[in-house]
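Structure first, then comments.
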Amino acid sequence: MIKINIKDRNGNNHEIDADTDYTLMEVLRDKGFDIEASCGGCCACATCHVYLCDNWLSKIKPIDDDEEAMLDQAFNVKKNSRLSCQIELSDELDGLNIEIAQE
């Protein structure tokens, strides 16, 4: 289990435990956070859009063309935007800090 620090869309901070057998999107959805995740994690929408704190960007796999294409269709995209369905949780991500992007 790892810890994830989350800032929700209302500006509230949460610390949750997460199993490393899942993606970040699955954990957020299953813990009841306000993300739609309408494609179920297939990288076919941008409804699981999150912002990663800059110091975590180098610890996850680089963005690929499919994810970049989906983010091109999203709102409020920043340089630290990622789709949470593309972030595979691992022990290296213990303490991860994210913010759920506005819809």
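We did not get these values from a lab; they are worked out from the coordinates using the rules stated. Everything numeric in this text was worked out from a predicted model, so none of it was measured. Every residue, glycine among them, receives a Cβ derived from its backbone with ideal geometry; neighbour counts consider all protein chains shown.
Considering every Cα-Cα pair within the chain, what fraction, in whole percent, is farther apart than 25 Å?
Every Cα pair in the chain considered, those over 25 Å come to 8 percent.
Can you give the net charge of the other residues whose Cβ lies under 14 Å from the Cβ of Asn12, counting K and R as +1 and D and E as -1?
Within the 14 Å Cβ shell, the charges total -1.
Would you mind computing, in nm to one decimal, how far apart the modelled labels at Asp21 and Glu36 are, each placed 7 Å from Cα along Cα→Cβ?
3.0
What is the ratio of the Cα radius of gyration of the stretch 40-91 to 2.2 N^0.38 Å, where N is its residue count, to two decimals?
1.05
Gain in length, Asp66 to Ser90, computed as 0.36 nm per residue apart minus the alpha-carbon separation, to one decimal in nm?
Gain in length upon complete extension: 6.5 nm.
Evaluate the distance, in nm, between pseudo-label points positioned 7 Å from the Cα of Lys7 and of Lys79 along their respective Cα→Cβ axes.
1.7
By average Cβ neighbour count within 10 Å, what is the ranking of 81-87, 62-68 from highest down?
81-87, 62-68
Remind me, relative contact order of the chain in percent, using alpha carbon pairs under 8 angstrom and six or more residues apart?
41
Which ³J(HN,Hα) values, rounded to whole Hz and listed in residue order, are derived for the stretch 31-46 from phi using the Karplus coefficients 6.51, -1.76 and 1.60 in 6.51 cos²θ - 1.76 cosθ + 1.60 with θ = phi - 60°, glycine and proline given as x?
Couplings: 8, x, 6, 7, 10, 6, 6, 5, 8, x, x, 8, 6, 10, 7, 10 Hz.
Apply the Karplus parameterisation 6.51 cos²θ - 1.76 cosθ + 1.60, with θ equal to phi minus 60°, to every residue of the stretch 4-9 and state each ³J(HN,Hα) to the nearest whole Hz, in sequence, with x for glycine and proline.
Each residue's phi maps through the Karplus curve to give 10, 9, 10, 9, 7, 5 Hz.
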